[in-house]
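The values are calculated or read from the model by the stated rules, or taken from the named source; none is laboratory data. Just so it is clear, the model here is predicted, and its values are computed rather than measured. Here the Cβ positions follow ideal geometry from the backbone for every residue, glycine too, while neighbour counts run over all protein chains shown.
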Amino acid sequence: MNDFFTVTGLTRTFGGVVAIDALDFAQKKGSIFSIIGPNGAGKTTLFNCISGIYRPDSGEICFQGRRIDGLKPDAIARHGIARTFQNLELFFRMTTMENLMLGRHIHMRTNIWHGLTMFHKNSTAAREEAEHREKVEHIIDLLDLQSARDVPVGALPYGRQKLVELGRALALEPSLLLLDEPSAGMTSDERQDLFFWIKDIQQELGVSILMIEHNMQMVMDISDRVLAIDFGKKLVEGTPEEVAAHPEVIKAYLGED
Amino acid sequence: MPAHLVRNYWEHIINSKLSIRDFSIGIALVLIWIFFALQSDKFLSPRNLSLLFIELSVTATLALGMLLVLLPGMIDLSVGSGVGLIGGIASVLVFHHHVPAPLAMTSGVLFGLAVWSLMGLLISSQRIPAFIITLGGLLVFKGAFWLIIRNATVPVTAGNSANMYSLLTTWVFPEWAGYLLVIVTGSGLVLAKIRSRSQQKQYGFAVEDAELTFLKLFVSIQALLLMVIVLNQFRGVPLSLVILGVLTFLIWVITNHTPFGRYLYAIGDNEEAALLSGIPVNKIIIGAYTLLGAIVALTGFMQTAYAGASTTTVGDLMELDAIAACVIGGTSLKGGRGTVTGVLFGALIMTSLLNGMTLLAVSPELKYIARGSVLILAVWMDVWLTRRSPT
């Protein structure tokens with residue numbers, strides 16, 4: 001076992017419904033790990049437990065040797081886990097730049113006194129702002145968002161909004177990035193680009209990626225390991241080839257023909 | 001001024017992506033002033049304008065505090081009662097217990113900080129709607145206020161001698177100091193603008209047309225100078241107006257140039273996304289209410305000093321004027337949108353309406369109806385404009 005990211009015996013129920021049932025898995029640092037399963041299998045519930053929106057009923061979630069289950073979402077974000085959503089969660093009235101800068105803010109150390117002296121060129125606030133802007137510009141370049149930089153996010157097309165959300169998650173400089181159906185609602189061209197971006201994020205930025213994805217082609221092409229779940233339980237875990245060949249997966253998820 | 005500059009200015013305004021809202025405030029303000037000036041020749045007199053600017057200082061101070069909690073999508077209905085209560089506490093300390101004014105005012109501020117942070121705590125971590133907590137606060141503070149002043153009228157001056165407390169709205173700067181203020185503020189504005197332009201250039205941002213920047217500065221400094229000239233014709237620049245100026249600068253820095261301020265906008269725009277971006281939403285909301293508490297205390301001193309005494313009606317309905325000022329100035333009640341300049345204009349509109357109606361001796365009944373109608377109209381416009389805009 002490795003100690004980068006492990007989930008052990010995780011269970012979460014809603015009333016009488018068991019959404020996640022004693023789930024175990026472990027992800028290696030630097031890998032792309034995909035979770036597949038039919039609708040209602042508990043994938044998003046799992047993400048919500050990891051990012052602190054839900055408190056698990058039992059079980060452990062460990063990240064880089066520390067237990068993070070039960071922590072608040074903002075604390076988990078500061079531990080280095082960022083996420084995107086199946087339905088976009090963005091600051092729609094702000095520009096792309098502002099959305100990404102907000103992602104940087106957990107790394108900022110300035111306060112009101114720095115703010116008051118920011119007119120001085122070498123003030124702490126001005127230097128810090130410049131530093132963070134540079135990081136954000138880098139992400140904007142990486143995701144090809146230059147033309148959207150100063151546009152309010154609410155005015156962008158859906159595919160680009162998804163990228164802004166990805167950018168905002170990256171601005172946190174996470175060690176682990178959770179992507180909830182990143183390719184949903186994208187055209188096949190956009191999906192192709194997304195494939196390369198996710199690869200870039202993994203290889204250039206060294207970010208590990210935990211991903212829920214319905215597009216099997218993408219899962220097969222990109223993942224190092226795949227976990228298939230149904231009714232909150234593990235069906236099978238392994239390399240993409242192993243998982244795709246598993247009869248339960250074919251039956252439960254890919255259809256029998 | 002060269003004619004082509006003016007033409008450029010207008011072309012710029014017409015071509016820019018300003019919304020109706022950006023224009024409507026200015027137009028409404030001009031119309032209101034023209035209306036009252038035609039109805040009463042006293043409206044534009046230096047004396048009345050001096051009073052109007054003191055009233056503006058009080059209303060705008062409270063409205064700037066209200067902005068801090070409206071931005072993250074909260075509200076505070078208790079500020080009016082709070083103004084009465086904290087003003088009352090300070091004047092009882094000064095008048096009945098002979099506490100020096102600075103100490104009495106410090107106690108008032110500490111009280112405001114403590115009580116408002118407690119309300120923030122209940123709202124954020126206990127998830128009780130802000131509307132309910134502060135509605136409760138409105139009643140509790142009102143009752144506590146009447147208990148503390150024993151339903152009597154407590155003057156703000158002890159032994160009929162002026163103290164620091166009552167000076168808040170009565171002291172004026174001497175004539176030369178007024179002009180000095182224009183020079184200091186004006187050069188501050190110019191320096192800040194030059195600095196921000198050079199920074200924007202440095203980081204490759206689009207820089208506003210130089211002529212337009214010049215004209216904007218020119219117009220603002222002229223307006224400032226005109227204001228001081230008019231105020232000097234009566235008694236001089238009131239202290240309260242300078243307090244408002246300083247507070248405006250502080251709130252502007254907080255909302256635009258600190259992470260805390262940007263979080264306020266982020267929470268109002270999308271609370272869940274804010275939480276998952278690592279923003280400690282609860283702490284930020286408690287922080288916003290705590291700051292508001294200090295501002296309520298400051299407004300309490302100013303309003304009580306302006307009224308000349310602490311009586312049962314001080315602060316009545318001020319929460320609604322503050323909310324109306326914010327909404328008229330383009331602040332969204334759903335959170336996420338609102339600016340310091342907008343709030344100042346909104347407060348100026350509210351103050352002008354109230355001042356003008358008083359001058360025309362409009363009956364209290366009609367004043368209530370007018371105030372309520374303006375509030376409804378402003379919120380309705382906000383809802384209507386929000387629905388039309390793409391975001």
Query raised in the report: Going by the conditions given, is B:Thr299 outside any helix (DSSP H, G or I) and away from chain A (no Cβ under 14 Å)?
Result: no
Query raised in the report: Out of all the residues in the stretch A:2-9, is one or more surrounded by 21 or more Cβ atoms within 10 Å (Cβ to Cβ) and touching a Phe, Trp or Tyr at 6+ places or on another chain (Cβ under 6 Å)?
Result: yes
Query raised in the report: Among the residues of the stretch A:42-59, which ones are of a type in the set (Lys, Arg) and under 15 Å from A:Ala75 (Cβ atoms)?
Result: A:Arg55
Report summary line: Within the stretch A:91-107, residues at the interface with chain B (Cβ under 7 Å from one of its Cβ atoms), buried (at least 22 other Cβ atoms within 10 Å of the Cβ) and within 18 Å of the chain's Cα centre (by Cα) come out as A:Phe91, A:Leu102, A:Gly103
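Test A:Ile106 against the criterion of being at pLDDT 85 or above and more than 24 Å from B:Ile194 (Cα to Cα), and give yes or no. Walk me through how you get there before you give the answer.
Details: at pLDDT 85 or above: no; more than 24 Å from B:Ile194 (Cα to Cα): yes.
No; evaluated as a whole, the condition is false for this residue.
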Requested in this report: Considering each of B:Met74, B:Met66 in turn, give the residue that is assigned to a loop (DSSP other than H, G, I, E, B), in the same structural domain as B:Leu147 (by TED's automatic domain parsing), in contact (Cβ under 8 Å) with a residue 12 or more places away in the chain and farther than 19 Å from B:Asn163 by Cα.
Outcome: B:Met74
Report task. Go through (1) modelled with pLDDT of 95 or more; (2) part of a helix (DSSP H, G or I); (3) within 26 Å of B:Thr351 (Cα to Cα) and name the single condition B:Met105 misses. Result -> (1)
Report task. Please find, within the stretch B:274-291, the residue that is nearest to the other protein chains (Cβ to nearest Cβ) out of those that are without any contact (Cβ under 8 Å) to a residue 24 or more places away in the chain and crowded, with 24+ Cβ neighbours inside 10 Å. Result -> B:Gly278
Report summary line: Of A:Lys72, A:Lys43, A:Lys29, the only residue that is crowded, with 19+ Cβ neighbours inside 10 Å and either at pLDDT 90 or above or of a type in the set (Lys, Arg) (or both) is A:Lys43
Report task. Taking the options B:Ser187, B:Ser198, B:Ser240, B:Ser220, name whichever one is under 18 Å from the mean Cα position of the chain (by Cα) and either more than 30 Å from A:Leu88 (Cα to Cα) or surrounded by fewer than 19 Cβ atoms within 10 Å (Cβ to Cβ) (or both). Result -> B:Ser240
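So, in the stretch B:347-388, how many residues would count as being of a type in the set (Ser, Thr, Tyr) and touching a Lys or Arg at 6+ places or on another chain (Cβ under 9 Å)?
To start, the set of residues in the stretch B:347-388 that are of a type in the set (Ser, Thr, Tyr) comprises B:351-352, B:358, B:363, B:368, B:373, B:386.
Next cut, touching a Lys or Arg at 6+ places or on another chain (Cβ under 9 Å) only: B:358, B:386.
Here the count works out to 2.
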Query raised in the report: For the subset of the stretch A:158-178 comprising residues that are over 25 Å from A:Lys28 (Cα atoms) and charged (D, E, K, R), which member is surrounded by the most Cβ atoms within 10 Å (Cβ to Cβ)?
Result: A:Lys162
Report summary line: When every residue in the stretch B:135-158 that is at pLDDT below 90 and either touching a Leu at 6+ places or on another chain (Cβ under 8 Å) or surrounded by 18 or more Cβ atoms within 10 Å (Cβ to Cβ) (or both) is compared, the one farthest from B:Thr313 (Cα to Cα) is B:Ala158
**Report entry** Residues that are more than 8 Å from chain B (Cβ to nearest Cβ), surrounded by 20 or more Cβ atoms within 10 Å (Cβ to Cβ), under 18 Å from A:Ile139 (Cα atoms) and modelled with pLDDT of 90 or more, drawn from the stretch A:75-90
**Finding:** A:Ile81
Query raised in the report: What is the one condition in (1) among the polar types (S, T, N, Q); (2) under 17 Å from the mean Cα position of the chain (by Cα); (3) at pLDDT below 90 that B:Asn15 does not satisfy?
Result: (2)
